[in-house]
Amino acid sequence: MSNKVLIGKQEYFKGIGKIPYEGPDSTNPLAFKYYDENRNIAGKAMREHFRFAVAYWHTFCGTGADPFGPGTMEFPWNEETDPVKAAMNKLDAAFEFFTKLGVPFYCFHDRDIAPEGSTVQESEKNLKRIIEAAGIKQEESGVKLLWGTANVFSHPRYMNGAATNPDFQVLTHAAAQVKSAIDATIQLGGDNYVFWGGREGYFSLLNTDMKRELNHLGMFLQKSRDYGREAGFKGNFLIEPKPMEPTKHQYDFDVSTVIAFIHQYELENDFKLNIENNHATLAGHTFAHEVQTAFGHGLFGSLDINQGDSLNGWDTDEFLHNLYDASELMLVLLTEGGVGQGGMNFDAKTRRSSTDPEDIFIGHISSMDTLARGLLIADTILNQSNYMKMKQDRYSSFDIGKGVAFENGELGLIELAELATEYGEPAHISGKQELFEALLNKHLR
Ligand code: XLS
Ligand code: NI
Ligand code: NI
């Protein structure tokens, strides 16, 4: 990552320069206290542990609008009324932001970066034009694309879904968008391509042929994969689970559901998962659980970083500031080998009432610091405590004698039953949950 700040025709974040690392004692809200990109932890630079990415949609397209009122954020890159010029301004603002913050990656939907036209051809033309400009910006700045995706849920035509829409004509429009978005991702050298289900789901079984819709989705993803591979896409295709919102029953409910889907439609050689914290909690799981599940199946792909509100039942997409969650996540990542060619995309937005441009910086800085702190905590736990040994010791009976034979598949149910008689009633072995919790808390500092 170069230290160069990229400013376009006009400077959008005036008065804010390159965000420095100042260390834990700093009181400067526009400085990192823990994220020190070149610092080596557990064999690699912090930058590599996280591969942070900024999300185009929340950061440059969000205005704070909610169902009860219009946007509150008046950002200068949104002032231009000509849609293509406005997209160019947004691109300037975006690369100024990425380079000032010092993140190595970004992510976008086709419709965040370029405006929809009145025909398929016009939309494609708009996208090509902005992607051309984005490619130049990437070269000038060294900022790369973590993943691209297509927004096949906002336009009213997708009100009944995209690939799962009962109307075939709608599906073809989704295909046109995905094709162009894959092309754009290839052109910009993206490491991954994401499918978030959007409106793929349903509200009432009374009007829904679920099996048929799922078959359509499976077929759509197979054809998208075939197209991408033929066009030269070498990265991972990722599916992002979410249990609800916008529909009541989202087809990609959680990591386990998506894993079953991936196998059902034979997508396992090309597809992995993009896991989001707020989606995990909406599904009744923790982030760490979802991430561990994906690793367990060899299907971990990438992360969307945010957090929800336990008192709200929807996707609030807050900036992650929960140190406990960050530490648990980093424990999983450190023990499983890290994010690989995925990364950590901030699928998060400042609150509706946080209207200063600097608030966008502060949200990202705070999250990056939270995760960096989580990394340091997890690393200390792994290196300076007996955490791993305590965990492994719980399974030590499988490391010897008949336990090994069972793991190797050498004992049938009859032999196992005979062993029960031979062994007699087992002693109670404490799971020590409180001790594990105390150990984690001891290191939260
Ligand atoms: C919405 C999703 C979306 C995906 C990209 O809830 O998180 O933002 O990450 O389509
Ligand atoms: Ni997301
Ligand atoms: Ni989300």
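Per-structure values
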item: The chain - Rg over Rh from alpha carbon coordinates, Kirkwood radius; result: 1.00
item: Surface share of carbon and sulfur [accessible, 1.4 angstrom probe, percent] for region 335-445; result: 52
item: Size of electric dipole in the chain: Cβ of Lys, Arg +1 and of Asp, Glu -1, about Cα centre, debye, nearest 20; result: 840
item: Phi-based couplings in Hz for region 117-128 (Karplus 6.51, -1.76, 1.60; Gly and Pro marked x); result: x, 8, 9, 4, 4, 5, 4, 5, 5, 4, 4, 4
item: Among 189-199, 155-165, the order from most to least packed when residues are scored by Cβ within 10 Å on average; result: 189-199, 155-165
item: Accessible area of S430 in the full protein assembly, 1.4 Å probe (Å², nearest 10); result: 70
item: Two-site FRET efficiency, K125 against V404, from Cβ-Cβ distance with R₀ of 51 Å, rounded to 0.05; result: 0.20
item: Highest-MSF residue in the chain out of E268, E434, E74 [GNM, Cα springs under 10 Å]; result: E434
item: Built amide H within the under 5 Å cut-off of G201, gap 5+; result: Y251
item: Cβ-Cβ FRET estimate between N383 and Q433, R0 fixed at 25 Å, reported to 0.05; result: 0.65
item: Most mobile listed residue (G374, G298, G403) in the chain, GNM with C-alpha springs under 10 Å; result: G403
item: H285 accessible area, assembled protein chains, probe 1.4 Å, Å²; result: 50
item: Inter-centroid distance (Cα atoms) of region 73-136 relative to region 344-403, Å; result: 32
item: K33 accessible area, 1.4 Å probe, all protein chains in place, Å² to nearest 10; result: 40
item: Separation of alpha-carbon centers, region 292-310 and region 177-253, rounded to whole Å; result: 17
item: Share of carbon and sulfur in the accessible heavy-atom surface of region 90-155 [1.4 Å probe, %]; result: 50
item: Sequence of R352, R111 from largest to smallest accessible area, 1.4 Å probe; result: R352, R111
item: Residue order for S123, S256 - accessible surface, 1.4 angstrom probe, largest first; result: S256, S123
item: Estimated distance in nm for a label pair at D356 and K248, the labels positioned 7 Å out from Cα along Cα-to-Cβ; result: 4.4
item: Charge dipole magnitude, Cβ of K and R +1, D and E -1 - region 386-442, Cα centre, debye nearest 20; result: 440
item: Accessible surface ranking that places the most exposed of L6, L416 first, with a 1.4 angstrom probe; result: L416, L6
item: Mean Cβ count within 10 Å, highest first, over the residues of peptides 225-234, 389-398; result: 225-234, 389-398
item: Farthest toward positive dipole pole in the chain [+1 Lys/Arg, -1 Asp/Glu at C-beta], among I262, N345, L282; result: N345
item: Of all accessible heavy-atom area on region 162-287, the percent that carbon and sulfur account for (1.4 Å); result: 55
item: K44 versus Y423: modelled label distance in nm, points set 7 Å from Cα along the beta carbon direction; result: 3.9
item: Surface per residue (accessible, 1.4 Å probe) for the chain, Å²; result: 48
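The values are calculated or read from the model by the stated rules, or taken from the named source; none is laboratory data. What you are looking at is a predicted structure, and each value in this text was computed from that prediction instead of being measured. Ideal geometry is used to build each Cβ from the backbone, glycine not excepted, and the neighbour counts take in all protein chains shown. Areas reflect the complete protein model, heavy atoms only, side chains present, ligands, DNA and RNA absent. Shrake-Rupley method; radii C 1.70, N 1.55, O 1.52, S 1.80 Å.
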